[in-house]
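A quick write-up on the structure given underneath.
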Amino acid sequence: DQIGGLQVLHKDCWVDVTPIRGALVINIGDFMQLITNDQFSSVEHRVRANIDGPRISVACFFSSSLSPNPTVYGPIKELLSDENPSKYRDITIPEYTAGYLASSFDGKSHLSKFRV
């Protein structure tokens with residue numbers, strides 16, 4: 001939509017994201033940051049209401065279920081090298097979710113708990 005309202009935190013200041021007609025905005029989350037070994041960064045963001053009209057947003061989460069899932073995830077092996085070693089230990093979705101639910105819900109990443 002062209003209504004706007006999306007803001008990202010950049011150097012401790014909230015910055016408006018200017019809508020671009022036909023563009024799709026994707027906010028990378030903590031899990032994507034972990035599996036890409038920081039190649040893509042999670043971003044703290046918010047949406048502010050305005051008087052220009054209603055806005056349309058759709059939130060989608062990858063495998064955020066609390067159901068027991070033994071699959072272990074970590075940085076993608078093809079992205080790792082001697083010059084770019086793993087920055088995170090392997091984790092499961094339930095472990096990540098438990099850490100998230102134990103956080104203060106302040107919008108900040110809690111990936112530091114999983115750094116090596």
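Every number in this text was worked out from the coordinates using simple rules, so none of it is lab data. On a predicted model such as this, the values are computed, not experimentally measured, just so you know. Using ideal geometry, Cβ is built from the backbone for each residue, glycine included, and neighbour counts are taken over all protein chains shown.
Here is how the numbers come out for the structure above:
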item: Listed candidates (i) 10, 39, 39, 12, 0; (ii) 13, 50, 33, 4, 0; (iii) 11, 36, 31, 18, 3, 0 - label of the one calculated as P(r) over Cα pairs in 10 Å bins from 0, in percent; result: (iii)
item: Cα-based Lys proximity count in the chain, under 20 Å, for pairs eight or more positions apart or on separate chains; result: 4
item: Taking the chain and dividing mean pair separation by its residue count, relative contact order in percent (alpha carbons under 8 Å, at least six apart); result: 24
item: Loop chymotrypsin sites (Phe, Trp or Tyr not before Pro), segment 1-64, which have at most 12 other Cβ atoms in a 10 Å radius of their Cβ (DSSP); result: F61, F62
item: D12 paired with I35, simple spin-label distance in nm, labels 7 Å along Cα-to-beta-carbon; result: 3.4
item: Max mean-square fluctuation residue, GNM over the chain, Cα-Cα springs under 10 Å, options R21, R89, R55; result: R21
item: For the chain, calculated [θ]222 nm from helices alone, where every DSSP H run of n ≥ 4 adds -39500 (n - 2.57); result: -3500 deg cm²/dmol
